[in-house]
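Visitor: Before I ask anything, let me first share the structure, which is written out below as structure tokens.
Only the coordinates and a few stated rules stand behind these numbers; no lab work does. As the structure is a computational prediction, the values presented were derived from the model and not from experiment. No Cβ is skipped: glycine too gets one built from the backbone with ideal geometry, and neighbour counts run over all protein chains shown.
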Amino acid sequence: MEGITLSSAETLETTPQPEEHTHADHEGHAHDHDHEHSHEGHQHGPTLNPDLTREVEVEVPADEVARSFRTVVKRYQKQARIPGFRAGKVPETLIRSRFADGIRQDVVESVLPDHFRSAIQQQNVKPISQPQVTDLKLEDGQPLKFKAVFEVLPEFSIDGYKQIKVDKADTTLTEEEVNAELDRVRDSRSTMEPVTEDRALIDGDWAQITFQGDVKGEAAEVSEAPAQPIEGQDVMIEVGGPNTLPSFNEALRGSKPGQELKFEVSYPADFGEKRLAGKAVAYDVEVKAIKKKVQPELNDEFAKELGEYEGIEDFKNKLREHLTNDKERRLQGETRDKLVEAFVAHYQFPVPESLVQTQIDARLDRGLRALAAQGMRTEDMRKLDFARLREAQRNSAMAEVKATLILDKIAAAEGVEVSDEDLERELQVISVQTREPLETLRARLTDEGALARIREQLRREKIGSILYERLA
């Protein structure tokens, strides 16, 4: 039983939870993981930060150990079903020999937690990690002795936090931003109309083409699988458009429907489509037609097609309101993040390794959920290099844990609290987003111990908003 772990219920200090539990994180949350991804390979051991590691030595009196042994053995005698003996009549010696390991485990679990709790209270230490029990010595009629090793929160000062500042972004919505969004909305409702006049392609036209391409120099290469053909039917390309390669612009500009073109394109090494990046491709292109993109007019009829708007001015006003709120929310969030980053860089203190590992677990779990949502199979997930993935997440996880500890300390200094009403409003939002009945949600989160974490996260958001408002 060396190295056993006490239940987290024996940890007296509420462990800070760096992972955010805002209502946005619950949207679309599936309580039963249909992807059934395996955590095998990315579990971490009981690594602790030496600067924050504490140890207590505990001794349980022999008479208490003996009483516990007797109680446990009697319970085993009542419950044991062994051929040749009537229920409750199995000899104690046989019970002790046959169920020795289970009896010892039950004795430890019955006497160890209370004495561990008493020991840490006497030493005035508050574990934040699951205590690891070592050097356990247990014999019936002898004192039970053990050591428990765990991490505690770091002691650090937040002096000067009010003087740490970052630039506060201007959240004023500009006319350019409004017009750009109006253009985007119009563009999404635009139509392609054929150009009937007999003329050549010019910038701003859309060329409808059919093409086939051959990668130069690949004919002699041996490949295990045939390369995906480079071809397209009735593809639309904007001549002179911002996303059109210069080689295509030069070849298409001045051509007419019915023309067949031959030209070569050299793709940059950082081209988005990997199979073309850094390659030279010879193209055969046929121009099928010239088309013009026709955008709808910004009038009342167009506004009513978009939704329940009285007219175009009503649509513009509501669009402006939406854009204003979105910009304020986005830039305020970015500024708060920069402020927290400044705190993390300014205050140096040891970080509990157990919290870092927990945060890495949370980040990996979110990543695996995303991969599962994209269709990745469980067996493929098991092939991932979890050691490399954990190391890649370490710096970000460390910063998130530090940020959590700093914000919690500032919130305590400022006397910031989250009321039951605040928590209730958050639960109502989560209930709506997850479509889970409020009382069912509340019961589930209570059973999972998540209500305290949600309250903590709301508190951090609250102090973040307070600190943001103080910026010049």
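Visitor: With charges only on Cβ, +1 for K and R and -1 for D and E, what is the dipole size of the range 323-463 about its Cα centre, in debye, rounded to 20?
Guide: 520 debye
Visitor: Just need the relative contact order of the range 48-117 here, percent rounded to a whole number, with Cα pairs under 8 Å and 6+ apart.
Guide: 37 percent
Visitor: Rounded, prolate or oblate: which fits the range 149-212 when a ≥ b ≥ c are the square roots of the eigenvalues of the alpha-carbon gyration tensor, with rounded for a/c under 1.5 and prolate only if a/b beats b/c?
Guide: On the way: a/c = 5.13, a/b = 2.67, b/c = 1.92.
Prolate.
Visitor: Also, I was wondering about something else. Which order do peptides 319-327, 427-435 fall in by mean Cβ count within 10 Å, highest first? Could you put the intermediate results ahead of the total?
Guide: Working: 319-327: 14.1, 427-435: 15.8.
The peptides rank, most packed first, as 427-435, 319-327.
Visitor: Got the relative contact order for the chain handy, in percent, Cα pairs under 8 Å and 6 or more residues apart?
Guide: The normalised contact order for the chain reaches 22 percent.
Visitor: Once you order the gyration tensor axes a ≥ b ≥ c over the Cα atoms, which shape class does the range 390-459 get: rounded for a/c under 1.5, otherwise prolate or oblate by comparing a/b with b/c?
Guide: Here the range 390-459 falls in the oblate category.
Visitor: Still on this structure, please answer the following. When the gyration tensor of the range 227-289 is built from Cα positions, what are the square roots of 5 times its three eigenvalues, in whole Å, from largest to smallest?
Guide: 20, 14, 11
Visitor: Rounded to whole Hz and in sequence order, give me ³J(HN,Hα) for the range 64-81 from the Karplus expression 6.51 cos²θ - 1.76 cosθ + 1.60, θ = phi - 60°, writing x for Gly and Pro.
Guide: 5, 4, 4, 4, 5, 4, 4, 5, 5, 4, 4, 5, 4, 4, 5, 9, 5, 10
Visitor: Run the helix sum for the chain: -39,500 (n - 2.57) per DSSP H stretch of 4+ residues, divided by residue count, reported at 222 nm to the nearest 500 deg cm²/dmol.
Guide: -15000 deg cm²/dmol
Visitor: For q = 0.12, 0.18, 0.21 Å⁻¹, what log10 I(q)/I(0) does the range 125-231 give under the Debye formula with an equal point scatterer on each alpha carbon and no solvent?
Guide: Relative scattering, expressed as log10 I(q)/I(0), comes to -0.86, -1.14, -1.20.
Visitor: Say the dipole of the chain comes from +1 at the beta carbon of Lys and Arg and -1 at that of Asp and Glu; which of Q228, Q357, T191 then lies farthest toward its positive end?
Guide: Comparing the listed Cα positions along the dipole, Q357 ranks first.
Visitor: For the range 100-145, take N as its residue count and report Rg(C-alpha) divided by 2.2 N^0.38 Å. Before the final figure, lay out the partial values.
Guide: Details: Rg = 11.9 Å, N = 46, 2.2 N^0.38 = 9.4 Å.
Against the empirical 2.2 N^0.38 Å value, I get 1.27 for the range 100-145.
Visitor: Where a ≥ b ≥ c are the square roots of the eigenvalues of the C-alpha gyration tensor, would you call the range 266-384 rounded, which needs a/c under 1.5, or, failing that, prolate if a/b is larger than b/c, or oblate?
Guide: oblate
Visitor: With charges set only on the Cβ (+1 for Lys and Arg, -1 for Asp and Glu), what does the dipole of the range 202-342 come to about its Cα centre, in debye to the nearest 20?
Guide: Using Cβ point charges on Lys, Arg, Asp and Glu, the range 202-342 gives about 260 debye.
Visitor: Here's another thing I want to ask about it. Identify, among V178, W206, I128, the residue whose Cα sits farthest towards the positive end of the charge dipole of the range 128-265, taking +1 on the Cβ of Lys and Arg and -1 on the Cβ of Asp and Glu, with the dipole about the Cα centre.
Guide: I128
Visitor: Can you compute the charge dipole magnitude of the chain about its Cα centre, using +1 on each Lys and Arg Cβ and -1 on each Asp and Glu Cβ, nothing else charged? Give it in debye, rounded to the nearest 20.
Guide: Once rounded to the nearest 20, the dipole reads 2100 debye.
Visitor: Could I ask something else about it? If one computes the Cα centroid of the range 155-194 and of the range 406-472, what distance in Å separates the two points?
Guide: Here the two parts' Cα centres lie 26 Å apart.
Visitor: What is the range 140-292's relative contact order, in percent, from Cα pairs under 8 angstrom and six or more apart in sequence?
Guide: 28 percent
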